[in-house]
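Please read the structure below before turning to the comments.
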Amino acid sequence: MPLHQDAAASGLGRATEYPSRYDARLLFPIARAGNRAGLGLGVELPFKGVDIWNAYELSWLDRRGKPVVATAELSVPADTPCLVESKSLKLYLNSFNQERLAGAHEFIDTVERDLSTACGGPVSLKLSGAGDFAATRMGELAGISIDDIEVEIDTYDYDPTLLTAGGTECCECLRSDLLKSNCPVTGQPDWASVQICYSGPAMDRAALLRYIVSFRQHAGFHEHCVEMLFMDILARCAPRELSIYARYTRRGGLDINPFRSTCAARPPNNLRNARQ
């Protein structure tokens, strides 16, 4: 096999057409119901939650044509009928690059309206301008890391039967940086840190680590992977309370951070971690 292959044949460098003007039609909603049906979920959900999207590549023009840059936090409630495919959101946000806007308020109003329409529920946007960048905080997920447990692992295909619990009643937060899945649209790897906070019978930490690693070859959207984690732990470990929070590394200027909980609607913070 040759060391150097034809770049054109490899698909590398193929251009993606980025629109130069605002176009809400670029947004591609995906119904949550299909994936949730596979988890036995219907209209009534056993969790609350939100999908927090952080957008790092935002720009538009002011009324005089001078570029403005910003970052944004988008909050999509977990009970919206649809999520939005990430590349379509990237293209949509980039469609503002040559748009002249009256100010940040026009950008916020437009994006909130378009995403709320696409998702079928109220999406909110928090904008940070260049003057806010220096105050940006970072931090890792709280909890006891299970990644240093000495354990043999040979299962890299999703397997919820690995989960076990039944120890002494406890209330704890566990975390792992070893969650990986694959995008079902492009096949690209998705990397994440995940936090599991619960009260109930103590979970077998080695078994939990094996289970998290079993997502390594799984193809699924970030949001659905977190709901799989939530439903599997709820069914097999019987916690009284449970919260799952995943922080995925960014791709295309966006990171997605789903949170699902029996008791809280939002996670305690939206801190970027070292891999974001």
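What follows draws every value from the coordinates through simple rules; no lab data is involved. The shown structure was predicted, so the numbers you read here are calculated from the model rather than taken from an experiment. Glycine also receives a Cβ, built like all others from the backbone with ideal geometry; neighbour counts cover every protein chain displayed.
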Throw me the Rg/Rh for region 148-206, computed over C-alpha atoms with Kirkwood Rh, two decimals. 1.02
Gaussian network model of the chain, Cα within-10 Å springs - most flexible of Asp154, Asp255, Asp109: Asp154
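Contour minus end-to-end for Met138 and Val151, with contour as 0.36 nm per residue of separation and end-to-end as the Cα-Cα distance? List each step's numbers first, then the result.
Working: separation 13, 0.36 × 13 = 4.68 nm, distance 3.04 nm.
Roughly 1.6 nm would be gained on extension.
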Here, chymotrypsin sites (Phe, Trp or Tyr not before Pro) of region 178-266 satisfying both criteria (DSSP loop; at most 12 other Cβ within 10 Å) are none
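Treat every Asp and Glu Cβ in the chain as -1 and every Lys and Arg Cβ as +1, leave all other atoms uncharged, and give the resulting dipole magnitude about the Cα centre to the nearest 20 debye. List each step's numbers first, then the result.
Numbers: 29 positive and 34 negative charges, 166 e Å.
The calculation lands at about 800 debye.
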Two pseudo-spin positions, 7 Å from Cα along C-beta at Gln98 and at Thr16, lie apart in nanometres by 1.9
Projected onto their principal axes, the Cα atoms of region 144-261 stretch, largest extent first, over whole-Å spans of 43, 29, 24
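Could you work out the per residue convex hull volume over the alpha carbons of region 51-164, in cubic angstrom? Let's see the in-between values first.
Working: hull volume 19.4 nm³, N = 114.
Hull volume normalised by residue count: 170 Å³.
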Over the chain, what is the relative contact order in percent, taking alpha-carbon pairs closer than 8 angstrom and at least six residues apart? 21
Footprinting proxy, Ile30, Ile212: sorted fewest to most Cβ within 10 Å, the residues are Ile30, Ile212
Connecting C-alpha atoms closer than 10 Å in a GNM of the chain, tell me which of Val111, Val185, Val194 has the biggest fluctuation. Val185
Could you tell me how many degrees, from 0 to 90 and to the nearest 10, lie between the Cα long axis of helix 222-237 and the main elongation axis, the longest principal axis, of the Cα atoms of the chain? 20
Just list whichever of Lys66/Lys87; Lys126/Lys180; Lys66/Lys126 have alpha carbons separated by over 24 Å in the model shown. Lys66/Lys87; Lys126/Lys180
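Loop only by DSSP, 12 or fewer other Cβ within 10 Å of the Cβ. Give me the trypsin sites (Lys or Arg not before Pro) in region 34-116 that pass, ordered by residue number. Spell out each step's value before the answer.
Numbers: sites: Arg36, Lys48, Arg63, Arg64, Lys87, Lys90, Arg100, Arg113; in loops: Arg63, Arg64.
Answer in residue order: Arg63, Arg64.
For every helix of n ≥ 4 consecutive DSSP H residues, a contribution of -39,500 (n - 2.57) applies; sum these over the chain, divide by its total residues, and give [θ] at 222 nm rounded to the nearest 500 deg cm²/dmol. Present the calculation step by step, with values, prior to reporting the outcome.
Working: 6 runs with 59 residues, N = 276.
Computed mean residue ellipticity for the chain: -6000 deg cm²/dmol.
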Choose one answer from Thr136, Thr117, Thr16: the residue with the largest mean-square fluctuation in a GNM of the chain with alpha-carbon springs under 10 Å. Thr16
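Please report, to one decimal in angstroms, the Kirkwood hydrodynamic radius of the chain built from all distinct Cα-Cα pairs. Mind showing how you got there, number by number?
On the way: mean 1/r = 0.0496 Å⁻¹.
Averaging 1/r across every pair of different Cα atoms and inverting gives 20.2 Å.
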For the chain, the longest principal axis of the Cα atoms and the Cα long axis of helix 104-119 enclose an angle in degrees, to the nearest 10, of 50
